[in-house]
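See structure below.
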Amino acid sequence: MISMSAPTLNFIQVFNQCINTKIQPKNRTELEKLIPLLIRSKEDYEKAAASNCFHKIPRPTVYSTEEEDLLKKVYKQRFAKFESCGRDFYDKILASAPNEKCLLCGQGTATELDHYLPQTTYPDLSVLPINLIPVCSECNFQKREHIPTQYENCIFHPYFDNFENINWLNAQIIPDKIASVYFSIAPNIDDSLQKRLNFICKKLNLNKVWQLKYGSRLIEVAQSLKAHKYASGTELDACYVKAHTIYLKETARTFTDKVFYNALSESEWFIDGGFEGIY
Ligand SMILES: [Zn+2]
């Protein structure tokens, strides 16, 4: 889960750009009439974001079915579609993901935008920049049309949540030749937050994502230690291996890397020579 600043694109400017060209005058007039309502929806969203209450954002009831369809088409045909009048904004938000990483799992490549609150229910938020999150296709698939109903089932919001200063994730190295790492939510955090994090991890299948990634990383670290032993022609003592893993922990760049290397530096099995059996 990667936290970052919310896009600063002006919502109404984006919306106007989307309805600017190649549109029937009647449809444009209809859409322009909706702008005051869209501004209200944006303000409701911002208010909810400030108090971390995405589950309390009212479902829009003021739009007719025709208006909802028009709004959905703005996203599909005038924002997400290649070479459409709003596509530059889509690309700008997508490109804002650090290192092109998916902001939800933090591992996959961000290739598309996900509506944090789905446009099927919230067509008024379909081109609201702060409702659009760069994600990988797997996370988009796992999340689907999720609508939060309480704090505990709100998906991580990269622009408004930041869990990196909370020690909420534990990892454990499983003494095993197959190289496995087990992740779990820390038990000593706020109960609601714990429930929410459990929900997010389950919904996005994050345990599996991390297990795959850090299982491979475990093999790489073991290989590197074995190569060092081979090159130096001497046995590696536990102090050396421990210092090596602590160095990796201290220089880790991401939250999950830190959690993994911390577990590695605390694994007596790995440090006392278990790494030699990993392949
Ligand atoms: Zn992802």
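Across the stretch 17-63, what is the total count of residues that are under 24 Å from D91 (Cβ atoms), surrounded by 12 or more Cβ atoms within 10 Å (Cβ to Cβ) and either without any contact (Cβ under 8 Å) to a residue 12 or more places away in the chain or among the basic types (K, R) (or both)?
2
Can you pull out the residues in the stretch 64-81 that are free of Cβ contacts under 8 Å to residues at least 12 places away in the same chain and within 24 Å of the chain's Cα centre (by Cα)?
Answer for the stretch 64-81, where residues must be free of Cβ contacts under 8 Å to residues at least 12 places away in the same chain and within 24 Å of the chain's Cα centre (by Cα): K76, K81.
Which fully enclosed helices (runs of 4 or more DSSP H) of the stretch 58-161 have 1 or more residues being within 16 Å of the ligand (Cβ to nearest atom) and not assigned by TED's automatic domain parsing to the domain that holds K195?
On the way: elements: 65-78, 87-95, 137-143.
Hits in the stretch 58-161: 87-95, 137-143.
Among the residues in the stretch 162-178, are any basic (K, R), within 16 Å of the ligand (Cβ to nearest atom) and assigned by TED's automatic domain parsing to the domain that holds I271?
No - not one qualifying residue is present in the stretch 162-178.
Only one residue in Y214, Y240 is over 22 Å from F141 (Cα atoms) and within 16 Å of the ligand (Cβ to nearest atom). Which one? Outline the logic, then answer.
Values: Y240 fails: within 16 Å of the ligand (Cβ to nearest atom).
So the residue among Y214, Y240 that is over 22 Å from F141 (Cα atoms) and within 16 Å of the ligand (Cβ to nearest atom) is Y214.
The values are calculated or read from the model by the stated rules, or taken from the named source; none is laboratory data. Bear in mind the structure is a predicted one, so any value in this text is a computation, not a measurement. Glycine gets a Cβ as well: all are built from the backbone with ideal geometry, and neighbour counts include every protein chain shown.
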